[in-house]
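Engineer: My questions will all concern the structure given below.
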Amino acid sequence: MLYGDSAPGGRLPVSFAAESAYPTTASERFPGEDGVVEYSEGCRVGYRHFEASDDGAVYPFGHGESYASFAYRGAEQVDASTVRATVANTAERPGREVVQAYVRPADDANGDAPVRDLAGFQSVHLDAGEAVTVEVTLANDAFRRYEDGWQEREGPFVVELARSAGDVRATVPFERP
């Protein structure tokens, strides 16, 4: 991989940022005080914390390196749980892309909810200059919240197609019937 004979294609399962950017580094949170640990971040943990704060992740959730470059176009809703877009390899070498779909409310009125939720992803290998249509099926839980049991969220929504939580390439207005 170091010499470019093969292409890296993995993605980060966590976000990496400066130590001071993590909410748990505050002394009252970890290791806690008097044996009590405070978990005041609620559902805004991991990449969701960085999306909701001014502390940006250096390497966000879902980040991955590649020797190829990719363009997204023609993003659209297919049905009640699927989006699609054309992904093109704009490089002169083959590469693997992981199209990640994040759901967020269209009106940005999240309250204490995360800014966006990972709802699905699809991996695709593309030769140099190749373009393919990629469909991503969205998880039903992305449209629900746990508040004294699972509750449906009010729409409308926006689905963001991205290379990582910090690199959105296309947006799709999304209606759930």
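Engineer: If packing is taken as the average number of other Cβ atoms within 10 Å across a peptide's residues, how do 120-130, 82-92 rank, most packed first?
Structural biologist: 82-92, 120-130
Engineer: May I ask for the net charge around T82, where only other residues with Cβ less than 11 Å from the Cβ of T82 are counted and Lys, Arg are +1 while Asp, Glu are -1?
Structural biologist: -2
Engineer: Please sort 144-151, 157-164 by packing, taking for each peptide the average over its residues of neighbouring beta carbons within 10 angstrom, highest first.
Structural biologist: 157-164, 144-151
Engineer: Once the dipole of segment 89-177 is set up with Lys and Arg at +1 and Asp and Glu at -1 on Cβ about the Cα centre, which of F121, G149, T171 lies farthest towards its positive end?
Structural biologist: F121
Any read-out appearing in this document is the output of simple, stated calculations on the displayed coordinates, not a laboratory observation. Nothing here was measured: the structure is a model prediction, and the numbers come from that model. No Cβ is skipped: glycine too gets one built from the backbone with ideal geometry, and neighbour counts run over all protein chains shown.
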